[in-house]
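Every number here is computed from the coordinates shown, using simple stated rules; none is lab data. Keep in mind it's a predicted model, so treat the numbers as computed, not measured. Positions of Cβ are generated from backbone atoms using ideal geometry, with glycine treated the same way; all protein chains shown enter the neighbour counts.
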């Protein structure tokens with residue numbers, strides 16, 4: 001049978017439970033994932049040569065990582081050729097591109113340092129999201145926006161202000177809203193003597209950054225929490241409670257990173273509560289294994305639960321960024337697997353009879369609700385997925401990995 005024939009059979013089977021596969025595909029095509037550039041080079045960036053700091057670690061030594069902007073862009077191109085749909089790219093400030101021997105410290109970054117990224121995105125019809133980089137820098141060793149050293153704190157405030165200007169530039173160039181996300185690694189390894197003062201300084205720093213004029217129609221600001229980090233196991237200044245309240249009071253978004261909570265927490269369960277108080281939310285989709293390990297996203301229960309909450313609450317209310325970095329496997333494969341898997345999870349959600357589920361729940365018919373939920377798991381979603389891939393001109397599920405390995409053989413392996 002052809003892909004189309006298999007799809008037509010799947011379409012008929014889904015219709016029997018009241019699901020319109022054409023509508024599901026149409027809705028999926030509207031969702032943009034923000035592809036994180038840092039998977040391609042193990043979060044190194046182009047503005048410093050030192051080690052990763054701030055509790056961030058990449059593990060593994062698979063060869064052929066990108067070491068130049070040109071290599072990174074080529075790898076992004078390759079990955080996007082394997083992922084159905086039209087998406088965005090997500091940059092950290094540390095990926096500034098300097099030319100002719102120029103260099104600028106993080107508090108002096110300008111839009112011109114991201115001109116090549118803007119051109120890259122415009123040529124491909126992509127949007128760009130942006131992140132200040134508050135780690136892997138000599139001035140980040142003893143805190144950033146919460147630092148007790150006032151000179152250090154002011155340096156990082158200037159960095160945040162510079163990033164707002166850069167984000168507005170990227171939005172103007174691409175014609176798409178730029179989501180600018182603020183995350184800092186500030187915290188303490190052992191029990192703090194004072195929990196309040198660092199948070200007071202963080203609040204003051206954020207207030208000063210956001211007092212910088214910027215076009216709110218072009219830049220959507222988010223703040224991101226974390227439960228703990230390596231070297232900050234006992235105390236994280238930017239906790240979930242801090243940022244959730246700060247975001248609500250200051251009319252910015254609270255970003256939920258699926259790796260930034262305790263392993264037993266159901267992150268998907270948080271979305272519907274928060275959306276009662278926020279117009280929009282931002283997400284970083286990762287896969288924590290024991291801790292915030294940023295494993296590649298797979299098509300598992302956590303991904304499906306998260307995707308179902310996104311769809312049920314309105315996918316247009318979310319900025320969805322991917323955030324993982326595995327240095328133990330081929331990086332094109334890591335990117336592609338993670339993005340395709342989360343798109344599969346979103347398609348799985350679109351193929352649910354949501355109205356029927358609600359009707360059964362309201363009628364307290366939990367017997368049929370459970371039975372229908374389990375029945376759906378046996379329907380041929382893979383045939384709908386392959387049809388979606390074919391419609392978008394990308395490789396089918398059983399074919400893309402071979403293409404990825406050909407790229408490693410013909411391109412990656414030629415790198416120094």
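In table form, for the structure just shown:
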{"read-out": "Crossing angle, helix 69-80 versus the chain [Cα axis fit, 0-90 degrees, rounded to tens]", "value": "20 degrees"}
{"read-out": "Nitroxide proxy distance, nm - points 7 Å out along Cα→Cβ at residue 15 and residue 49", "value": "6.5 nm"}
{"read-out": "The range 31-351: antiparallel DSSP beta bridges as a percent of all, rounded to 5", "value": "15 percent"}
{"read-out": "Sorted by Cβ neighbour density within 10 Å, fewest at the top, the residues 82, 306, 52", "value": "52, 82, 306"}
{"read-out": "Exposure proxy order (Cβ contacts within 10 Å, fewest to most) of 293, 286, 371, 167", "value": "371, 293, 286, 167"}
{"read-out": "Ranking of 73, 35 by count of other Cβ atoms within 10 Å, fewest first", "value": "73, 35"}
{"read-out": "Net lengthening on full extension, residue 29/residue 149 (0.36 nm per residue, minus Cα-Cα)", "value": "38.4 nm"}
{"read-out": "Expected 222 nm ellipticity per residue - DSSP helices of 4 or more, -39500 (n - 2.57), all of the chain, to 500", "value": "-13500 deg cm²/dmol"}
{"read-out": "Gain on full stretching of the segment that runs from residue 2 to residue 123 - 0.36 nm per residue minus C-alpha separation", "value": "40.2 nm"}
{"read-out": "In degrees, nearest ten, helix 150-174 long axis to first principal axis of the chain (Cα)", "value": "40 degrees"}
{"read-out": "FRET efficiency, residue 217 to residue 81 (Cβ-Cβ, R0 35 Å, nearest 0.05)", "value": "0.65"}
{"read-out": "Cα centroid separation - the range 121-141 against the range 245-293, whole Å", "value": "20 Å"}
{"read-out": "Between helix 301-313 and the chain: long-axis angle, C-alpha atoms, 0 to 90°, nearest 10", "value": "90 degrees"}
{"read-out": "Set of the range 369-395 residues, backbone N closer than 14 Å to the point 7 Å along the Cα-Cβ line of residue 402", "value": "395"}
{"read-out": "Contour excess over end-to-end distance, with Cα ends at residue 103 and residue 269 and 0.36 nm allotted per residue", "value": "55.3 nm"}
{"read-out": "Centroid-to-centroid separation of the range 363-416 and the range 68-84 [C-alpha atoms, Å]", "value": "20 Å"}
